[in-house]
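Note sheet for the following structure.
The values are calculated or read from the model by the stated rules, or taken from the named source; none is laboratory data. Just so you know, these numbers come straight off a predicted model, no measurement behind them. Note that each Cβ is placed from the backbone with ideal geometry, even for glycine, and that neighbours are counted across all protein chains shown.
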């Protein structure tokens, strides 16, 4: 995310925290400012886990699944 978008998103979150921006606008800011999630194939996930030498249970905890 660029520095400008990062600052804009931080300001929007602060405005939301004090009630000056509603949840709908926050969702719009998230779409604008946050990067899109990448979709990984099963093979890519397996390759990443093996490259980092993590067991499946540890990998799940680390990626927050």
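Within region 28-44, how many residues turn out to be under 30 Å from residue 59 (Cβ atoms) and either touching a helix residue (DSSP H, G or I) at 6+ places or on another chain (Cβ under 8 Å) or touching a residue at least 24 places away in the same chain (Cβ under 8 Å) (or both)? Even if it seems obvious, please write down each step before you answer.
Of region 28-44, the ones under 30 Å from residue 59 (Cβ atoms) are 30-31, 33-44.
Going one step further and asking which of them are either touching a helix residue (DSSP H, G or I) at 6+ places or on another chain (Cβ under 8 Å) or touching a residue at least 24 places away in the same chain (Cβ under 8 Å) (or both), we end up with 30, 33-35, 40.
Adding up the residues that qualify gives 5.
Here's the yes/no breakdown for (1) surrounded by 13 or more Cβ atoms within 10 Å (Cβ to Cβ); (2) modelled with pLDDT of 90 or more; (3) in a helix (DSSP H, G or I):
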site	(1), (2), (3)
1	no, no, no
8	yes, no, yes
14	no, yes, yes
31	no, no, yes
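Out of 62, 21, 25, I need the residue that is without any contact (Cβ under 8 Å) to a residue 12 or more places away in the chain and surrounded by 13 or more Cβ atoms within 10 Å (Cβ to Cβ). Which one? Break it down into steps so the answer makes sense when it comes.
On the way: 62 fails: surrounded by 13 or more Cβ atoms within 10 Å (Cβ to Cβ); 25 fails: without any contact (Cβ under 8 Å) to a residue 12 or more places away in the chain.
Every option except 21 fails the conditions.
Take region 36-59 and flag every residue that is surrounded by 12 or more Cβ atoms within 10 Å (Cβ to Cβ) and under 29 Å from residue 2 (Cβ atoms).
40, 45, 48
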